[in-house]
Amino acid sequence: MSAIMFKTIEASDIPALMDIYNYFVMNSTASFHTEPVTITEFTESVVHPNSRFQTFVITLDGELQGYVQVMPHKKKQAYATTGEVTIYLQPGCVGKGIGSAAIQFIETFAKEQDFHSLISTICADNKPSIHMFSKNGYTQCAHFREVGFKWGKFLDIVTYQKII
C-alpha cells in the first residue's frame with residue numbers, strides 16, 4: 001500500500017518545490033504569476049516567521065509529490081483564526097488521493113493551531129482543484145470576475161471555505 005507522508009519544509013526542499021510551482025506558473029492558470037518566481041520570492045511564500053503558519057512537503061512512497069500550506073488569509077488581527085490553504089502537486093498527481101490527504105492533514109494541523117476557518121482561492125478555470133476542495137467539504141463563498149489577466153485573457157477566481 002502506498003504511503004503518503006507529510007513533513008515540515010526544510011531549506012533543502014525549497015528548490016524542488018519551487019520547480020513544481022514554476023511549472024504551474026509557466027503552464028497553467030493555477031498561479032497568477034506570469035513569470036517564474038525566484039528562490040527568494042518562493043522562500044518568502046512558503047516560510048513564515050509565525051509557527052502557526054506552515055508549509056509541509058508531501059511524499060508518496062518517499063518520492064516528492066508537492067506541498068501543502070496554511071498561511072495568513074489577511075494581515076489584520078481579526079483574521080487570525082482564518083487560514084489560506086494552498087496545495088501544489090507534481091504534474092500528473094491527479095486522482096491518486098494525494099490532494100485529499102493533504103487537505104485532511106492541513107485541516108488537522110490548522111485545528112491544533114486554533115484556526116476556525118480555512119479558505120482556498122482558486123482560478124475558476126482550475127476544475128480539478130475546485131472538485132478536490134468541494135469533495136472535501138469546502139463550499140464556494142465568492143466569485144470574482146476578470147480579476148486576473150494571463151496569456152491574453154481575463155481570469156476569474158473563486159473562493160472556497162470550510163469551517164473546521
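The values are calculated or read from the model by the stated rules, or taken from the named source; none is laboratory data. These numbers were taken from a predicted model, which means no experiment stands behind them. Here the Cβ is made from the backbone with ideal geometry for all residues, glycine too, and neighbour counts use every protein chain on show. All accessible areas refer to the heavy atoms of the entire protein, side chains included, with ligands and DNA or RNA removed. Shrake-Rupley method; radii C 1.70, N 1.55, O 1.52, S 1.80 Å.
Scanning the stretch 7-22 for residues that are within 16 Å of V68 (Cα to Cα) and surrounded by fewer than 17 Cβ atoms within 10 Å (Cβ to Cβ) yields K7, T8, E10, A11, P15, A16, D19.
The criterion of being modelled with pLDDT of 95 or more, open to solvent by less than 20 Å² (accessible area, probe 1.4 Å) and within 16 Å of I20 (Cβ to Cβ) does not hold for V85.
Are any residues in the stretch 16-35 closer than 18 Å to V147 by Cα and charged (D, E, K, R), and if so, which ones?
Initially, the stretch 16-35 is screened for residues closer than 18 Å to V147 by Cα, giving 25, 28-35.
E35, the sole residue that qualifies.
For the stretch 136-147, the count of residues that are modelled with pLDDT under 95 and either assigned to a loop (DSSP other than H, G, I, E, B) or more than 13 Å from the chain's Cα centre (by Cα) (or both) is zero.
Has the stretch 51-67 got any residue that is closer than 18 Å to Y160 by Cβ and either touching a residue at least 12 places away in the same chain (Cβ under 8 Å) or open to solvent by 20 Å² or more (accessible area, probe 1.4 Å) (or both)? Talk me through it step by step, then tell me what you get.
First pass over the stretch 51-67, keeping only residues closer than 18 Å to Y160 by Cβ: none.
Scanning the stretch 51-67 turns up no residue that is closer than 18 Å to Y160 by Cβ and either touching a residue at least 12 places away in the same chain (Cβ under 8 Å) or open to solvent by 20 Å² or more (accessible area, probe 1.4 Å) (or both).
With respect to I157, is the statement that it is surrounded by 17 or more Cβ atoms within 10 Å (Cβ to Cβ) and assigned to a strand (DSSP E or B) true? Working first, answer last.
Working: surrounded by 17 or more Cβ atoms within 10 Å (Cβ to Cβ): yes; assigned to a strand (DSSP E or B): yes.
Taking the combined requirement at face value, the residue satisfies it.
Taking the conditions (1) surrounded by fewer than 15 Cβ atoms within 10 Å (Cβ to Cβ); (2) under 26 Å from T34 (Cα atoms) in turn, T108 satisfies each one other than (2). Is it the case that some residue within the stretch 15-38 is closer than 28 Å to E112 by Cα and modelled with pLDDT under 95? No, every residue in the stretch 15-38 fails to be closer than 28 Å to E112 by Cα and modelled with pLDDT under 95.
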